[in-house]
Amino acid sequence: MSGPRVRFAPSPTGLLHVGNIRAALFNWLYARRHGGRFVLRLDDTDRQRSKPEYEAAIERDLAWLGLAWDARERQSDRLAHYDEARDRLIAAGRLYPCYETPEELEFKRKRLLAQGRPPVYDRAALRLDEAAGRKLEGEGRHPHWRFRLASEAVRWDDLVRGPQHVDEASQSDPVLVRADGSYLYSFTSVVDDIAFAITHVIRGEDHVTNTGAQIQMFRALDAAVPAFAHLPLLVDASGGGLSKRAGSLSIADLRERGIEALAIDALLARLGTADPVEPVASLDALVATVDFARVGRAAARFSEEELRQLSARTLHMLPYEAVRDRLDGSVDEALWLAVRGNLATLADASVWAEVVHGPIAPAIEDAPFLREAAKALPVEPWGEGTWKIWTGALSAASGRKGRALFHPLRLALTGRDTGPEMARLLPLIGRARAAARLLGQAA
Ligand code: GLU
């Protein structure tokens with residue numbers, strides 16, 4: 001038995017943001033956990049709004065997040081398959097032409113609402129005979145096509161939401177083909193899920209209402225119905241949707257701001273689940289715990305501040321090998337280990353490299369004490385114990401303790417009043433630079 005086949009199916013009509021990347025992440029993690037295949041499907045049938053630059057951005061963002069795909073498909077390459085499936089549905093009597101104009105449909109809708117009835121399409125087009133249809137086409141009208149829903153309650157056992165049902169008797173027959181011949185997503189998605197033998201459709205909760213009609217389409221095309229997992233949507237702190245802020249929460253934007261990819265992965269994989277949000281050193285840690293049964297039903301609260309903190313905590317635990325390729329040459333392993341616990345973003349490591357290597361302008365708070373300190377510097381070689389030996393001797397000689405002892409040293413040696421542990425920085429600064437800085441010289 002081969003593993004599950006899943007897909008992430010964004011439309012290349014905009015940038016990926018934390019909301020839609022969550023579906024990508026769960027698809028990828030699920031495939032990796034169960035030895036399956038992850039397909040990236042670009043839903044680009046909307047020719048007007050789909051753009052190559054968005055396609056490139058989607059691929060770059062997924063790659064950056066570590067979510068490699070096993071295959072990539074484009075819906076615009078697959079139009080012949082949709083034509084064929086459309087013809088099968090027509091032959092089976094499940095797809096029928098409708099000639100109403102948008103104005104006529106709106107009029108019917110309003111009339112039903114005024115009567116206090118649900119605005120369900122009345123299937124008037126089913127009562128047109130062929131001659132009437134030909135006549136309308138002769139007048140230049142092009143039909144759109146609706147899927148004839150079977151009047152039944154469609155049931156499925158959602159992997160996140162549990163048993164679900166949609167009563168199709170109370171739904172309008174959905175339009176699958178527009179009057180210009182183009183297809184709607186709900187149809188092309190089913191055709192592709194069949195063609196790529198997708199076993200699990202993992203997507204946002206906003207698609208739950210499509211699922212009933214889609215299940216009927218799978219059956220009408222004689223195909224096996226996949227399993228469905230609908231993830232709760234993300235909301236902001238006030239409970240509102242994130243979509244209006246999609247721009248500022250785009251993956252590209254977060255990357256620009258120095259947020260770690262692993263932190264985005266860790267937060268989105270764990271938010272709203274039974275597992276704690278915590279930093280991880282690799283995606284493997286997330287693969288091991290992905291489980292739809294542990295995803296809660298409630299909307300998951302996304303906080304940018306939580307992401308920023310998780311990103312910093314991720315840096316604090318990453319070994320040098322994990323970041324080496326992204327660091328500039330001035331940051332070696334010893335420097336990384338000395339400063340990582342103080343970083344908000346990776347770029348800050350270079351700032352500390354400049355502080356260590358100099359030249360910096362020392363801040364002199366107490367010149368006589370610092371002159372004594374310079375004289376008392378131990379001989380090299382230096383290690384992490386040097387700071388303790390040196391400051392112990394200074395304390396004994398001057399009677400200083402705590403802040404009065406340490407603060408002037410830190411200011412002179414780094415030019416800053418906070419930063420990584422001095423015990424780790426001092427051996428990297430080295431004796432010559434330390435001595436010069438203590439005497440107030442730029443070094
Ligand atoms: N292109 C659809 C979307 O972005 C795909 C939905 C699905 O996963 O079925 O909403």
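Each row is one residue, and each column tells you yes or no for (1) in contact with a helix residue (DSSP H, G or I) (Cβ under 6 Å, 6 or more places away or on another chain); (2) on the phi < 0 side of the Ramachandran plot.
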site	(1), (2)
Ser350	no, yes
Glu354	no, yes
Ala363	yes, yes
Glu372	no, yes
Ala376	yes, yes
Lys388	no, yes
Leu394	yes, yes
Ser398	no, yes
Gly402	no, no
task = State which residue is nearest to the chain's Cα centre (by Cα) when the search covers only segment 206-225 and only residues that are open to solvent by 20 Å² or more (accessible area, probe 1.4 Å) and in contact (Cβ under 8 Å) with a residue 60 or more places away in the chain.
result = Val225
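Tell me, which helices (runs of 4 or more DSSP H) wholly within segment 185-283 include 2 or more residues that are touching a strand residue (DSSP E or B) at 6+ places or on another chain (Cβ under 8 Å), of a type outside the set (Val, Ile, Thr) and modelled with pLDDT of 95 or more?
Output list reads 185-195, 208-220.
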query = Does at least one position in segment 394-403 carry a residue that is hydroxyl-bearing (Ser, Thr, Tyr) and under 17 Å from Ala376 (Cβ atoms)?
reply = yes
ask   = Which members of segment 37-64 meet the condition of being under 15 Å from Phe8 (Cα atoms) and touching a Phe, Trp or Tyr at 6+ places or on another chain (Cβ under 8 Å)?
value = Phe38, Val39, Leu40, Arg41, Asp43, Leu62
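Looking at the structure I just gave you, is Leu67 in contact with a Phe, Trp or Tyr (Cβ under 7 Å, 6 or more places away or on another chain), modelled with pLDDT of 95 or more and closer than 24 Å to Leu283 by Cα?
The answer is yes for Leu67.
From the list Gly392, Gly383, which one is assigned to a loop (DSSP other than H, G, I, E, B) and modelled with pLDDT of 95 or more? Talk me through it step by step, then tell me what you get.
Values: Gly392 fails: assigned to a loop (DSSP other than H, G, I, E, B).
Only one candidate passes the filter, namely Gly383.
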key: Scope segment 3-62; condition open to solvent by 40 Å² or more (accessible area, probe 1.4 Å), within 13 Å of the ligand (Cβ to nearest atom) and of a type in the set (Lys, Arg); matching residues   = Arg49
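Residue-wise test of (1) within 41 Å of the chain's Cα centre (by Cα); (2) under 13 Å from Ala443 (Cβ atoms).
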site	(1), (2)
Ala344	yes, no
Ser350	yes, no
Val355	yes, yes
Pro359	yes, yes
Pro362	no, yes
Glu365	no, no
Phe369	no, no
Ala374	no, yes
Glu380	no, no
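Could you identify the single residue in Arg371, Arg340 that is in contact (Cβ under 8 Å) with a residue 40 or more places away in the chain and either more than 22 Å from Ile429 (Cβ to Cβ) or in a helix (DSSP H, G or I) (or both)?
Details: Arg340 fails: in contact (Cβ under 8 Å) with a residue 40 or more places away in the chain.
Only one candidate passes the filter, namely Arg371.
The values are calculated or read from the model by the stated rules, or taken from the named source; none is laboratory data. This one's a predicted model, so the numbers in the text were calculated from it and none came from an experiment. Because the Cβ atoms are built from the backbone with ideal geometry, glycine has one as well, and the counts that use them run over all protein chains shown. Surface accessibility is based on the protein's heavy atoms, side chains included, excluding ligands, DNA and RNA. Shrake-Rupley method; radii C 1.70, N 1.55, O 1.52, S 1.80 Å.
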